[in-house]
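A short reminder: the numbers here are calculations on the coordinates, not readings from a lab. Note that the coordinates shown come from a computational prediction; the quantities given were computed from them, not determined experimentally. Neighbour counts run over all protein chains shown; Cβ positions are idealised from the backbone, glycine included.
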Amino acid sequence: MTLARRRFLRAVLALALAGVTRSAWATAERAVNAFNGRSVESALGALDLPAAEDSALIDIDAPDVAENGANVLIEITVRIPSVERVLVLGERNVFPLLADTRFGPGVVPWFELKVKLGETSHVRVFALADGRLYTASRKVRVIVGGCLPG
């Protein structure tokens, strides 16, 4: 290989890596902004998601009453085909975004997680599939809050 060709290939590789790095940085910045959002609207707005529509194909298994909001077990099953991403939010938490998970093709999204809920509120699940956003919610009554303010 000639020296000019090697320099050209290095420059092309450097530009390609810079583009990938910039894209990854922007994605990470959106995620940080979403987790730092102080309302459901700001968290979802930071992720640039479409408007959500209600779906009966999202199952949320959570207790009706949680004695300790610092340790609330939630099980989520999404029966919508081609789900790419699932978000879990505690509507009345100081920072409502609790989880942001991604799934590969052919995976049926099912998972359990323990979350902190500051007070009685709805746990809202959003599922992104084929460019459309679906949602479902379930109210959890909290006896002793699990989040400190601020």
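Observations
- Spacing of the two label points (7 Å from each Cα toward its C-beta) at R79 and R7, in nm: 6.4 nm
- Legend: ranking of residues L87, L73, L117 from fewest to most surrounding C-beta atoms inside 10 Å; resulting order L73, L87, L117.
- From phi via Karplus (6.51, -1.76, 1.60), per-residue ³J(HN,Hα) for region 4-10 in Hz, x at Gly/Pro: 5, 5, 4, 4, 4, 5, 4
- Put in order of Cβ neighbour count within 10 Å, fewest first, the listed residues L9, L89, L128 become L9, L128, L89.
- Put in order of Cβ neighbour count within 10 Å, fewest first, the listed residues K116, K139 become K139, K116.
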